[in-house]
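Have a look at the structure below before the remarks.
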Protein chains: 4
Amino acid sequence: MNDRWALGRRVLAEALGTGLLVTVVVGSGIAAAKLSPGDTGLQLLENSFATALGLAVLILMLGPVSGAHFNPVVSAVDCWLGQRNGGGLTVRDLIAYVPAQILGAIAGAVLANVMFGEAAVSWSATQRSAGHLWMGESVATAGLILLIFSLARSGRSAAAPVAVGAYIGSAYWFTSSTSFANPAVTVGRAFSDTFAGIAPGSVPAFVVFQVAGAIVGTLLLVVLYPVVAESADEVVVPHPEAGVGS
Amino acid sequence: MNDRWALGRRVLAEALGTGLLVTVVVGSGIAAAKLSPGDTGLQLLENSFATALGLAVLILMLGPVSGAHFNPVVSAVDCWLGQRNGGGLTVRDLIAYVPAQILGAIAGAVLANVMFGEAAVSWSATQRSAGHLWMGESVATAGLILLIFSLARSGRSAAAPVAVGAYIGSAYWFTSSTSFANPAVTVGRAFSDTFAGIAPGSVPAFVVFQVAGAIVGTLLLVVLYPVVAESADEVVVPHPEAGVGS
Amino acid sequence: MNDRWALGRRVLAEALGTGLLVTVVVGSGIAAAKLSPGDTGLQLLENSFATALGLAVLILMLGPVSGAHFNPVVSAVDCWLGQRNGGGLTVRDLIAYVPAQILGAIAGAVLANVMFGEAAVSWSATQRSAGHLWMGESVATAGLILLIFSLARSGRSAAAPVAVGAYIGSAYWFTSSTSFANPAVTVGRAFSDTFAGIAPGSVPAFVVFQVAGAIVGTLLLVVLYPVVAESADEVVVPHPEAGVGS
Amino acid sequence: MNDRWALGRRVLAEALGTGLLVTVVVGSGIAAAKLSPGDTGLQLLENSFATALGLAVLILMLGPVSGAHFNPVVSAVDCWLGQRNGGGLTVRDLIAYVPAQILGAIAGAVLANVMFGEAAVSWSATQRSAGHLWMGESVATAGLILLIFSLARSGRSAAAPVAVGAYIGSAYWFTSSTSFANPAVTVGRAFSDTFAGIAPGSVPAFVVFQVAGAIVGTLLLVVLYPVVAESADEVVVPHPEAGVGS
C-alpha cells in the first residue's frame, strides 16, 4: 500500500478521534447540565466519568492507525523528540496531523450540538481567563506530556489508553481549569455555548499556557527518563510497513 | 462433541448474555429511579455505572462460548465481514443467534420487572422519537461497531470486554439517545415501563437508525483497517474444535 | 514447609479477607449514610464504588495464598467441582475454610462499627424479607458462581479480581436485594445496625436462596463450559508446593 | 551514568510524585467543595474518584524511575524487608527519599492552593483527633502495606498502580479517617485549610498510628507470604544498571 494512502488514513484517524473526543466532552457536558441542574459538581462528575471512559476507548480504537495523539502538543513533542532520538512523527506528518486535529475538533463540537438538538454552532460565552486557570492548563498539559512519553520510553504504551483516560478524568478535578490540556479540543469547545464551552476570546491564552506546560513536561521527561529503553515503544507513530492500519 | 451441541451452547450463551444485559440495564434503572428520585442525572450516573461494569463482566464470562455479541448488528457485521475475509459467523449461525438475542432480551426485561416486584410485563410509555435521538443511535452504533472490529482486526480482542463496557458507559452520556445501540436490547426495553424503557412505537425507527449506524461504522472500519493483521482475532466466533466451551 | 502450616495460612487469609470485605461493605455504608443523608441512591453509589474497588483489591492481595474465596458457596462449589474434575478444595479444606469465613465476617463488622465510633455490636433492624428480594439473591449468586468458574475453566483467572469486583459493584444495582450473594457476609452484616445491615431474622432465607442460586450457576457452568480447558486455572486452590504463600 | 545522578533522579521522582499526589488530593478536594456545596458525601465521591485515578497514573508514570513509593512508611518497610531478604532500599536511599517526599508533599499543597486562587499557605483548621480516627489510620496503613508487598512478593507488581489507586479510592470510604495512610501526605495536607486539610496539631498522632499500622501490615505480610517467590519483583527499587530511568 503506498505511503500516500497510509498518511491519508492516519490523518483521517486523527480527525475522527479528535472529533469524537470533543463530541464526548461537549455531548456529555450538555447531558449533564440538562439532567443534573441543581449541582455543578455532580455535572462535572458525570462529565469526567464519560470523558475518562470515552477517551480511553478512542485511543484504544485508533492507536494502531495513527498513534491516537488527538492533540497538537502531543504530536509536536513526538516530532521534536523523534528528531533527537529517531522515530517519531516527521515534520511532514506533523503538518498534516495538526489541521486534521483542529478541523476534527470543530466538527465534533458541531456533531454534539446537532445531536442534542441545539444550533449547529453557538459561540461559547464562558469566559475562562485568569492567572490561576492558566496555571491549571500548564500543570495539566505538563502532566499529560510526561505521562504519555514516560510510558513510551519505558516500553509500556499498551497502558496508555487507560492511563490517559484516567489522567484526564482526574485532572478535570485537580486542576482549576478542568484540564483542557489540548489546543485542538480548546478550539473545538469554543463552538458550543454549553457546559464544556470556552469563549473564543479565552482560547489564545489557554493555548499559550498549554504549550508552556508541554515544554515543562518535556524537560521533566528528559531529566527523569534520559535513556530510551531498548524496549521503548514507537507506538505513537506506527510504521507504514508494520502498522496494522497503514 | 458434535457440532449441533456446540451451536446450541453458543445460542444459549447469546440468549443468556443478552438477557442478563437487559436485566442489568432495566434493573439498575429501576433501582436508580426509586432510590434517587430527585435528580435524573444522578439516576443516569448510577445506571451507567452499573451498565459499564455489568456489560464488561458478561462479555468476559461468555466470550469464549459464543463470542458474546449480545447484539444482532454485531452478529450481522461479523457475518458479512467473514464472507469477505474468512472467519466470522456463518449465515446459519446468524439465523440462530438473532432470535436467541431477541428472546433473551425480552426474558431479561421480564426478570428485572419481577425481581423488583413489578408486573412481569408493562409496555413502556416513554416516547423516544425525534430526529436528534435517531442521530444519537446512529452515532452510538457506528462507534460500537468500529470499536469491536478495530480490536479484532488488530489482534486485541482481549481488551474487548472492558472496552465495550467503557464505551457504553460513556455513550449513555455523550449521545442524546443514551445509546441503546442494539436492536435486541431495544426490543427488550419496550417490555418495562420504567427508567430505561422505550415505547413500542418508538422501537422500529431506533432499529433502522442503529442499522444505518452499523453500516457507517463498518465503512469506517474498512477504510481505517483495510488489512486484517496476521495476529487478528477470530474471538468473535470461537471455532468448535478450539473453543473452550464448544 | 509442612502442610499444617500451609493450611493455617490459607485459613488465616480467608478469615482476614472475608473480614476486610465486610469492613469495606459496612464501613463504606456507614460513611455514605452519614455524609449523604439526603439521597439513598447516592449512598448506594458511594457504597458500590467503594465495594467494587475494595473487593477487587482484596482478591488480588490474598488470591495467591488461599484462592480468595471469602464466600462459603464459592468454596463449596469449588470443592464439589473438584471431586469430579480433580483440583479444587478437599473436604477437609472446606471444613476449615467456612468457619474462618464466617468468623472473619463477624469480626469485620465489629471492626467497622468500632472504627466509626459505634457500639461494637448492634443487631441490625433492617428487615429484608420478601419473595422478590430472595429472587434477587438467587440471581446474584448464580451470576457470581458462573463468572468465577467460567474464568477458571477458560484459564483466565488472572482477570478474576477486577471481574468479581465489577460484578458485585454492578449487582448492587441490578438486583433488588443489592446482591449480598455470600452467606458469610450476610451473617456478618447482621452485626451492624447501619446502612448495609440485615436483621438476624432475615438471614436464614437469604442464605437458602443464595445456595439455590449457587446450584443454578453451577448447572449453567456445566452446560456452557462442559470441558475444562487444558490451560484452566486451579487458582482457586493454590497447591502447597507451588503457591507463593504456602 | 554514575550512581549519584541516578539517586538524584530517583529523589526528584519521589518529590515530584508525592507532590502531585497531594495536588490531586487537595486540588480535587477544593474543586469538590466549591462545586457540590450541598452534600459532603458527594464531595468525598468526587475527591475519591479523582484520587483513585490520579494516584494510579502517578505510580505508572514514575514507577520505573524511583519505585513510586511517595510514602515514608512504604520506603521504610521496603528498606527493612530488604535488609532481611536482599533487594530493597538501602539506608542511604531511605535517608534521601523521606525528606524529598515530605518537601514534595508541602510543595504539592502549595501548588494546589495557588492553582485554585487561594493563599499559598493556609494552616488547616480541621481537627482530626479521636481514637476511632486513629484506628482508621492504622487499618488503612496496614492494608496498604500488605497490598503493596503482597504484590511484590508474588511477582505481580505490574498490577500495583491500579491496585493502589483502587485501594485508596475505597479506603476513603471504608475507614473513618478517610485514609491518609501516608506521613508525608499528612504533613502536606496541613498546609491547606480546605476540604482535605488536617490541623497541624492533629498530624503527629496520625503519623504515629500510621507507623503502627505499617508494623501490623508487615507482620501480616511475613505470616501470609513467608517465602519470596523466585519471580518476585524488586520493582520498588529499580537497579541503577537496569532501570530505565537511572
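The values are calculated or read from the model by the stated rules, or taken from the named source; none is laboratory data. Note that the structure is a prediction, hence the values are computed from the model and not measured. Cβ placement follows ideal geometry from the backbone for every residue including glycine, while neighbour counts extend to all protein chains displayed.
Which one of A:Val73, A:Val22, A:Val57 is in contact with a Pro (Cβ under 7 Å, 6 or more places away or on another chain) and buried (at least 24 other Cβ atoms within 10 Å of the Cβ)? It would help to see each step written out before you state the result.
On the way: A:Val22 fails: in contact with a Pro (Cβ under 7 Å, 6 or more places away or on another chain); A:Val57 fails: in contact with a Pro (Cβ under 7 Å, 6 or more places away or on another chain).
Being in contact with a Pro (Cβ under 7 Å, 6 or more places away or on another chain) and buried (at least 24 other Cβ atoms within 10 Å of the Cβ) holds for just one of A:Val73, A:Val22, A:Val57, which is A:Val73.
Take the residues in segment A:224-238 that are within 11 Å of another protein chain (Cβ to nearest Cβ) and touching a helix residue (DSSP H, G or I) at 6+ places or on another chain (Cβ under 7 Å); name whichever of them is modelled with the lowest pLDDT. Outline the logic, then answer.
The first filter runs over segment A:224-238 and keeps only residues within 11 Å of another protein chain (Cβ to nearest Cβ), leaving A:224-232, A:238.
Subsequent filtering for residues that are touching a helix residue (DSSP H, G or I) at 6+ places or on another chain (Cβ under 7 Å) retains A:224-225, A:228-229, A:232, A:238.
Details: A:Leu224: 97, A:Tyr225: 96, A:Val228: 75, A:Ala229: 72, A:Ala232: 72, A:Pro238: 49.
Step by step, filter segment A:224-238, then rank; the result is A:Pro238.
Just need a number here: residues in segment D:39-54 that are among the charged types (D, E, K, R) and crowded, with 24+ Cβ neighbours inside 10 Å.
The initial filter retains those residues of segment D:39-54 that are among the charged types (D, E, K, R), namely D:39, D:46.
So of that shortlist, the ones also crowded, with 24+ Cβ neighbours inside 10 Å come out as D:46.
The qualifying residues number 1.
Determine which member of the set C:Val207, C:Val203 is without any contact (Cβ under 8 Å) to a residue 60 or more places away in the chain, farther than 21 Å from B:Leu21 by Cα and touching an Asp or Glu at 6+ places or on another chain (Cβ under 9 Å). Explain how you work it out, then say what you get.
Values: C:Val203 fails: touching an Asp or Glu at 6+ places or on another chain (Cβ under 9 Å).
Matching residue, one of C:Val207, C:Val203: C:Val207.
Can you name the number of the only condition in (1) crowded, with 24+ Cβ neighbours inside 10 Å; (2) in contact with an Asp or Glu (Cβ under 9 Å, 6 or more places away or on another chain); (3) part of a helix (DSSP H, G or I) that A:Leu94 fails?
(1)
Of the residues B:Leu151, B:Leu89, B:Leu147, B:Leu55, which single one is aliphatic (A, V, I, L, M) and outside any helix (DSSP H, G or I)? Steps first, please.
On the way: B:Leu151 fails: outside any helix (DSSP H, G or I); B:Leu147 fails: outside any helix (DSSP H, G or I); B:Leu55 fails: outside any helix (DSSP H, G or I).
That would be B:Leu89, the only listed residue that is aliphatic (A, V, I, L, M) and outside any helix (DSSP H, G or I).
I need every pair where a residue in segment B:24-47 that is at the interface with chain C (Cβ under 8 Å from one of its Cβ atoms) has its Cβ under 6 Å from the Cβ of a residue that is surrounded by fewer than 24 Cβ atoms within 10 Å (Cβ to Cβ) and charged (D, E, K, R), sequence separation at least 6 or different chains.
Once the first residue is at the interface with chain C (Cβ under 8 Å from one of its Cβ atoms) and sits in segment B:24-47, its partners that are surrounded by fewer than 24 Cβ atoms within 10 Å (Cβ to Cβ) and charged (D, E, K, R) give B:Ser36/C:Asp39.
If you scan segment B:178-217, which residues turn out to be in contact with a Lys or Arg (Cβ under 9 Å, 6 or more places away or on another chain), under 22 Å from B:Glu14 (Cα atoms) and among the polar types (S, T, N, Q)?
none
Of all residues being assigned to a helix (DSSP H, G or I) and of a type in the set (S, T, N, Q) in segment C:181-227, which is farthest from the chain's Cα centre (by Cα)? Just the residue, please.
In the first step, residues of segment C:181-227 are kept if they are assigned to a helix (DSSP H, G or I); the result is C:183-189, C:200-224.
Subset that is of a type in the set (S, T, N, Q): C:186, C:202, C:210, C:218.
Numbers: C:Thr186: 9, C:Ser202: 18, C:Gln210: 11, C:Thr218: 16 Å.
That would be C:Ser202.
Among the listed residues D:Ala171, D:Ala199, D:Ala152, which satisfies the condition of being at pLDDT 95 or above and closer than 22 Å to C:Gly108 by Cα?
Numbers: D:Ala199 fails: closer than 22 Å to C:Gly108 by Cα; D:Ala152 fails: closer than 22 Å to C:Gly108 by Cα.
When all the criteria are applied, what remains is D:Ala171.
With respect to C:Val207, determine if the residue is more than 10 Å from chain B (Cβ to nearest Cβ) and on the phi < 0 side of the Ramachandran plot. I'd like the intermediate steps shown before the answer.
Values: more than 10 Å from chain B (Cβ to nearest Cβ): yes; on the phi < 0 side of the Ramachandran plot: yes.
Spelling it out, C:Val207 is indeed more than 10 Å from chain B (Cβ to nearest Cβ) and on the phi < 0 side of the Ramachandran plot.
Condition test on C:Ala212, is it surrounded by fewer than 24 Cβ atoms within 10 Å (Cβ to Cβ), out of contact with any Phe, Trp or Tyr (no Cβ under 8 Å at 6 or more places or on another chain), away from chain B (no Cβ under 12 Å) and modelled with pLDDT of 95 or more?
Working: surrounded by fewer than 24 Cβ atoms within 10 Å (Cβ to Cβ): yes; out of contact with any Phe, Trp or Tyr (no Cβ under 8 Å at 6 or more places or on another chain): yes; away from chain B (no Cβ under 12 Å): yes; modelled with pLDDT of 95 or more: yes.
Criteria met by C:Ala212.
Provide a single number: the residues in segment D:105-145 that are within 24 Å of D:Val73 (Cα to Cα) and of a type in the set (D, E, K, R).
2
Only one of D:Gly82, D:Gly63 is within 9 Å of chain A (Cβ to nearest Cβ) and touching a residue at least 60 places away in the same chain (Cβ under 8 Å); which?
On inspection, the qualifying residue turns out to be D:Gly63.
If you scan segment D:66-79, which residues turn out to be in contact with a Leu (Cβ under 7 Å, 6 or more places away or on another chain) and away from chain A (no Cβ under 14 Å)?
Filtering segment D:66-79 for residues in contact with a Leu (Cβ under 7 Å, 6 or more places away or on another chain) gives D:68, D:70, D:75-76, D:78-79.
Hits for segment D:66-79 are D:Phe70, D:Ser75, D:Ala76, D:Asp78, D:Cys79.
Please enumerate the residues belonging to segment C:48-60 that are small (Gly, Ala, Ser) and within 13 Å of chain B (Cβ to nearest Cβ).
Passing the criteria: C:Ser48, C:Ala50, C:Ala52, C:Ala56.
Pick out the one residue from A:Gly155, A:Gly136 that is within 14 Å of chain D (Cβ to nearest Cβ), surrounded by fewer than 24 Cβ atoms within 10 Å (Cβ to Cβ) and touching a Ser or Thr at 6+ places or on another chain (Cβ under 6 Å).
Values: A:Gly136 fails: surrounded by fewer than 24 Cβ atoms within 10 Å (Cβ to Cβ).
So the residue among A:Gly155, A:Gly136 that is within 14 Å of chain D (Cβ to nearest Cβ), surrounded by fewer than 24 Cβ atoms within 10 Å (Cβ to Cβ) and touching a Ser or Thr at 6+ places or on another chain (Cβ under 6 Å) is A:Gly155.
Residue by residue through segment A:164-174, note down the ones that are touching a residue at least 12 places away in the same chain (Cβ under 8 Å) and either more than 27 Å from D:Phe195 (Cβ to Cβ) or over 16 Å from the mean Cα position of the chain (by Cα) (or both).
Answer for segment A:164-174, where residues must be touching a residue at least 12 places away in the same chain (Cβ under 8 Å) and either more than 27 Å from D:Phe195 (Cβ to Cβ) or over 16 Å from the mean Cα position of the chain (by Cα) (or both): just A:Trp173.
Picking from A:Ala112, A:Ala140, A:Ala125, A:Ala107, which residue would you name as being assigned to a loop (DSSP other than H, G, I, E, B), modelled with pLDDT of 95 or more and closer than 19 Å to A:Val25 by Cβ? Walk me through how you get there before you give the answer.
On the way: A:Ala112 fails: assigned to a loop (DSSP other than H, G, I, E, B); A:Ala140 fails: assigned to a loop (DSSP other than H, G, I, E, B); A:Ala107 fails: assigned to a loop (DSSP other than H, G, I, E, B).
Every option except A:Ala125 fails the conditions.
On the basis of being assigned to a helix (DSSP H, G or I), out of contact with any Gly (no Cβ under 8 Å at 6 or more places or on another chain), facing chain A (nearest Cβ under 10 Å) and under 22 Å from A:Ala166 (Cβ atoms), does B:Ala171 make the cut? Lay out the reasoning, then the answer.
Numbers: assigned to a helix (DSSP H, G or I): yes; out of contact with any Gly (no Cβ under 8 Å at 6 or more places or on another chain): no; facing chain A (nearest Cβ under 10 Å): yes; under 22 Å from A:Ala166 (Cβ atoms): yes.
So B:Ala171 does not fit the description; no.
Scan segment D:2-16 residue by residue and report those that are modelled with pLDDT under 95 and touching a His at 6+ places or on another chain (Cβ under 8 Å).
If the condition is that a residue be modelled with pLDDT under 95 and touching a His at 6+ places or on another chain (Cβ under 8 Å), then no residue fits.
Scan B:Gly143, B:Gly131 and give me the residue that is at the interface with another protein chain (Cβ under 9 Å from one of its Cβ atoms) and surrounded by fewer than 22 Cβ atoms within 10 Å (Cβ to Cβ). Full working, then the answer.
Details: B:Gly143 fails: surrounded by fewer than 22 Cβ atoms within 10 Å (Cβ to Cβ).
Being at the interface with another protein chain (Cβ under 9 Å from one of its Cβ atoms) and surrounded by fewer than 22 Cβ atoms within 10 Å (Cβ to Cβ) holds for just one of B:Gly143, B:Gly131, which is B:Gly131.
Here are some residues: B:Thr178, B:Thr126. Which one is among the β-branched types (Val, Ile, Thr), within 24 Å of A:Leu35 (Cα to Cα), more than 13 Å from the chain's Cα centre (by Cα) and away from chain A (no Cβ under 11 Å)? Before the answer, list the steps.
Values: B:Thr178 fails: away from chain A (no Cβ under 11 Å).
From the options B:Thr178, B:Thr126, the qualifying one is B:Thr126.
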